[in-house]
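Worksheet for the structure shown next.
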Amino acid sequence: MDAKGIRNPLAENKVRFEIDGPGTIIGVGNANPQSLESYLAPERKAWQGRCMVIVKAGKSAGEIKLKATAEGMDAASIIINAQ
């Protein structure tokens, strides 16, 4: 997204995901039917400005911190409260 919060539909940046806490990354995707990238790697190229990560909570409760980084862009993170 740009400074005004508008998504760039042409963006194809490679997004890398990192997780800290009682959870694991179990999949990534971008809805591109022609993509040959692994669904199990902790990174994925965006398609039409979007990609996703699937997080699985562990057996213990706690805060899971998910961080996303892409070259030339500010990192972003979110806290997921696993119960």
Could you list, in sequence order, all residues of the stretch 6-30 that are over 13 Å from the mean Cα position of the chain (by Cα), in a loop (DSSP other than H, G, I, E, B) and closer than 29 Å to Ala57 by Cβ? Arg7, Gly21, Pro22
Some residue of the stretch 1-12 being at pLDDT below 95, among the polar types (S, T, N, Q) and under 22 Å from Gln83 (Cα atoms): no
Would you pick out the residues in the stretch 9-49 that are polar (S, T, N, Q) and within 18 Å of Lys67 (Cα to Cα)? Asn13, Thr24, Asn30
Among the residues of the stretch 37-58, are any modelled with pLDDT of 95 or more, over 24 Å from Gln83 (Cβ atoms), aliphatic (A, V, I, L, M) and under 9 Å from the mean Cα position of the chain (by Cα)? no
Residue, nearest to Gly5 (Cα to Cα), within the stretch 59-79, restricted to residues that are at pLDDT 95 or above and among the charged types (D, E, K, R): Lys67
Subset tally (residues that are under 12 Å from Gly23 (Cβ atoms), in a strand (DSSP E or B) and of a type in the set (D, E, K, R)) for the stretch 47-83: 3
Looking only at residues that are without any contact (Cβ under 8 Å) to a residue 40 or more places away in the chain and of a type outside the set (Val, Ile, Thr) in the stretch 68-83, which one is surrounded by the fewest Cβ atoms within 10 Å (Cβ to Cβ)? Gln83
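The values are calculated or read from the model by the stated rules, or taken from the named source; none is laboratory data. Since the structure is predicted, the reported quantities are computational estimates derived from the model, not experimental observations. In this analysis, Cβ positions are derived from the backbone assuming ideal geometry, glycine residues included, and neighbour counts consider all displayed protein chains.
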